[in-house]
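I have placed the structure first, in the form of structure tokens, so that the comments after it can refer back to it.
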Amino acid sequence: MLAFGEEGLAPEVVRHLHACMICQRRLMQFQSLSHHLLAQLYRSQCPDGQRLSFYCAGLLSGEEQRQIAAHVQECPLCAEEVAVTRRFMADPLTPTTLAPSFLRLATTPTGRQAWHGLPDGRPSAAWPRYYHSEEFELVLHISSSSAGRCAVYGQLSCVNAPLGGAAFEGRQAVLQPLKTVRKKPAERAAADTALLRLTAEIDNRGMLTFPTVPPGRYMLLLHLRERDLVIEELQIDGCRVIWS
Amino acid sequence: MGMQTEQFSSVLELALPTEVDAGGAEAMSNREAEQRLAEERYGLEIFQRAILEGDQQAWALLQDRFSDLVRAWIRRHPKREIAIRLDSEENYIAQAFERFWQATAFKQDLQFTSLAAALSYLRASLNGAIMDTLRTYARPREASLSTPGYEGVSVSEDGDDGGELWEILKSLLPQRREQYLAYLLFHCGLKPREVVRYCSQEFHSVQEVYRLRRNIVERLLRQADQLRWRLSVH
């Protein structure tokens, strides 16, 4: 009975409890008192999240800082929250890199044969390219489209979970043009206005298609339910693609 | 979806470094520095007028101007994935501004010396909103207390003041180790295995925690009448 409330009681204890009214009553008293005290006391001595945050940012008075520091030494829950908060506060105030939820996709060096047939049936010799994060894999390919433009195809899958493409259905993919480096402002302005942001919807197989992409430098963003994925820079030049 | 894209776009504008021509880099750098300084002054003035002077227009402008930044912070938060399952980004943003207002408005001794200082307050307010939301959902479910032989003790009608109960409990547990274990079990809601994991220096095995817990509970049950009486006379 010592383990009540945790991993369950041993079978012989359960058998005894069925037969013994005294032990049944005793167990109920143990449980009831524990639950009652927990309901009344749970984190009643802890500073609220706001004060703990201000403590971590050093925004409280000296006395309050000392009080909370002493509490954090005793309370493992607050100590854990302080660790999370400090990690959060360690970030620069104004993001200097990409926005928060963006998980950068890295190039997978080895080619694998996972590409499903392209719609036009004419895959480039150098592609597909594979990208991955801890959880996701993205396969990308291009083929020629109309008037010097390219069609960009992708297939997204989840590595760790047996999710089909349906998990991504309806999520948005964005090709975001990057600003062009040119000598003359007029050239730069012309080049930048020619590139518009392109969007595509991921289908129930995890496929995404940008049918006509003008040459230029882009960032690829995939807005998933829990987070966004990013490939920071890709240059589409005619039908040759250079990834960084 | 369209709206989300627009919001996302402005976060990108904020986040992406601006590229410059190689030839005009120095001039651009000077211009950028001046522009940043002007933006810093402007941003700081919005905060000061909104918070210290209670200017409603400035407050609306402040929310409009910094909402995307708050959203970007949410997306960088270590607990983001759990947090957004529990509440929407919009609610966290609204809460962050509300808490920021409550913490700072009309406080004469408060002076923001830089935009960064004001933003630190705002970010701490956002973190407070997220952490409090997570706490609410982490709270153990309260159990029924109508058990024969133990009718429970209530500190107050709404049961929201555990300080008094905790002081009485401590007085009934003379040993420091028992007090600390009671704190971990009933205040922190840790299971015996978690106690050993978090406080392995103090408690070496789960069997030891089981035994100490039984001692504590039995002692409290024996003194339940005293517990009730002491609460009733306070």
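General observations
- Criterion (open to solvent by less than 30 Å² (accessible area, probe 1.4 Å) and not hydroxyl-bearing (S, T, Y)) met by exactly one of B:A60, B:A118: B:A118
- Of all residues in region B:62-91, those satisfying the criterion of being in contact (Cβ under 8 Å) with a residue 40 or more places away in the chain and outside any helix (DSSP H, G or I) are B:H77, B:K79, B:D87.
- Near pairs, Cβ below 6 angstrom, 6+ apart or cross-chain, from region A:207-236 (under 10 Å from A:Q176 (Cβ atoms)) to any residue that is among the β-branched types (V, I, T) and buried (at least 19 other Cβ atoms within 10 Å of the Cβ): A:L220/A:I231; A:L221/A:V174; A:L221/A:V230
- A:R26 being in contact with a Pro (Cβ under 7 Å, 6 or more places away or on another chain) and open to solvent by 40 Å² or more (accessible area, probe 1.4 Å): no
- Scanning region A:32-62 for residues that are open to solvent by 30 Å² or more (accessible area, probe 1.4 Å), of a type in the set (G, A, S) and either more than 7 Å from chain B (Cβ to nearest Cβ) or part of a helix (DSSP H, G or I) (or both) yields A:G58, A:S61, A:G62.
- A count restricted to region A:49-87 and to residues that are over 27 Å from the mean Cα position of the chain (by Cα) and at negative phi stands at 19.
- Residue selected from region B:33-57 under the condition free of Cβ contacts under 8 Å to residues at least 40 places away in the same chain and not in a helix (DSSP H, G or I), by the criterion surrounded by the most Cβ atoms within 10 Å (Cβ to Cβ): B:D55
- Residues located in region B:184-220, provided they are more than 9 Å from chain A (Cβ to nearest Cβ) and closer than 19 Å to B:I168 by Cα: B:L212, B:N215, B:I216, B:R219
The values are calculated or read from the model by the stated rules, or taken from the named source; none is laboratory data. The structure presented is a predicted model; accordingly, all values stated were derived computationally and were not measured. Because the Cβ atoms are built from the backbone with ideal geometry, glycine has one as well, and the counts that use them run over all protein chains shown. Heavy atoms of the whole protein, side chains included, go into the accessibility calculation; ligands, DNA and RNA do not. Shrake-Rupley method; radii C 1.70, N 1.55, O 1.52, S 1.80 Å.
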